[in-house]
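Working notes, structure below.
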Amino acid sequence: MNLIGVVDYGSGNLGSILAVFEALQVYAEVLHNPKKVAEADLLVLPGVGAAGMAMKTLESSGMATALKKRHQAGEPILGICLGAQLLCDFLSEGNCRGFGWITGRVEPLKEYPFYNNGWCGLNYRSLQAAGLARALTSASTFFFNHRYVMGRDSKMRCVAVEGRPDIPAIYLNKTICAVQFHPEKSQRDGQILLRNILEDHFGL
């Protein structure tokens, strides 16, 4: 049985995340001990809150060191919303360095309304090319709630918000999936996409 480890660093929407994994009939466990990070088949870094405080908590708890070791070992990591942004080089919100596994800075949205809060579609062709479109359509929508956006990393596969190529919604490579929106709050479409990430991308 695959184990999904969800990192608790005081900034995650843990209840909703555990519920969506339960709906997918996948065992997920909240991790408080850095020693458990290496044991998970997939490590989930969730996130709701302030970037600077999140990084300080991860560093002081030993979780950041455990995450770096996991990444160096080539083990899969899924970042959600703030958890996705923490994988980037630098976060202007907290004036702090991230893990640096996604090239670029996390900066505020530069166009009105300067906040992306609500339901958005994804560029469907890019979603298909990324191998994540199974059972989804061009009408599928997902719940976003952010005012900072990841920069463009040309080395990773990117799926942008439909009609907003300046807003990366998903970044992918062999071991990382970074999702700007909240699949755990995106009802049926979010559940399907999360299943596709687990099965079709990570092979779990």
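The values are calculated or read from the model by the stated rules, or taken from the named source; none is laboratory data. Computed from a predicted model, the values in this text were never measured in an experiment. Neighbour counts run over all protein chains shown; Cβ positions are idealised from the backbone, glycine included. With ligands, DNA and RNA removed, areas are computed over all heavy atoms of the protein, side chains included. Shrake-Rupley method; radii C 1.70, N 1.55, O 1.52, S 1.80 Å.
Side notes on the structure shown:
- Within the stretch 14-29, the residues that satisfy the criterion of being in a loop (DSSP other than H, G, I, E, B) and either surrounded by fewer than 19 Cβ atoms within 10 Å (Cβ to Cβ) or on the phi > 0 side of the Ramachandran plot (or both) are L24, Q25.
- Per the conditions (1) open to solvent by less than 50 Å² (accessible area, probe 1.4 Å); (2) assigned to a helix (DSSP H, G or I), the sole criterion not satisfied by I4 is (2).
- When we screen I192, I167 for residues that are open to solvent by less than 30 Å² (accessible area, probe 1.4 Å) and under 23 Å from A28 (Cα atoms), the only hit is I192.
- Matching helices (runs of 4 or more DSSP H) fully within the stretch 30-92 where at least 3 residues are more than 25 Å from N145 (Cα to Cα), in contact with a Phe, Trp or Tyr (Cβ under 9 Å, 6 or more places away or on another chain) and of a type in the set (D, E): none
- Selection count where residues are surrounded by 13 or more Cβ atoms within 10 Å (Cβ to Cβ) and either touching a helix residue (DSSP H, G or I) at 6+ places or on another chain (Cβ under 6 Å) or under 16 Å from P165 (Cβ atoms) (or both), scope the stretch 102-125: 10
Residue-wise test of (1) surrounded by fewer than 21 Cβ atoms within 10 Å (Cβ to Cβ); (2) among the polar types (S, T, N, Q); (3) over 26 Å from S16 (Cβ atoms); (4) modelled with pLDDT of 95 or more.
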| residue | (1), (2), (3), (4) |
| --- | --- |
| P46 | no, no, no, no |
| G49 | yes, no, no, no |
| G52 | yes, no, no, no |
| T57 | yes, yes, no, no |
| T65 | yes, yes, yes, yes |
| H71 | yes, no, no, yes |
| L86 | no, no, no, yes |
| E93 | yes, no, no, no |
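- Only one entry in D41, D8 is in contact with a His (Cβ under 7 Å, 6 or more places away or on another chain) and of a type in the set (D, E), namely D8.
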